[in-house]
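**Student:** My questions all concern the structure below.
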Amino acid sequence: MLCEEEWVLLEELCKLFKPFDKVTTYFSEIEYATISSILPIIHALKLIYRKKLKDKYNINDKEIIENDKDNYNDDVGKF
């Protein structure tokens, strides 16, 4: 049986992963996922989680943007 703290953690995790659930459901319902549909959703997820990081963990935008740039450059270099 779960204790109170574990229930709270599970509730927070459900909230955290809800946007991914919505995106997964959306893409499972369409026949073809095109880049024109994927990029705006990725952008929206970044905005959602950027706000969560800022509000909950006090991580500033500059840190997030620098990390995004590093990850983008790493991803682009793969192609």
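**Student:** So, R0 is 22 Å and r is the distance between the beta-carbons of LEU9 and ILE48; what FRET efficiency does that work out to, to 0.05?
**Tutor:** After rounding to 0.05, the efficiency reads 0.65.
**Student:** Sticking with this structure for a sec: So if we plug the beta-carbon distance of ASN58 and THR25 into 1/(1 + (r/R0)^6) with R0 = 22 Å, what FRET efficiency do we get, rounded to 0.05?
**Tutor:** 0.10
Bear in mind these aren't lab numbers, they're just calculated from the coordinates by the rules spelled out. Values in this document were obtained by computation on a predicted structure and should not be read as measured data. In this analysis, Cβ positions are derived from the backbone assuming ideal geometry, glycine residues included, and neighbour counts consider all displayed protein chains.
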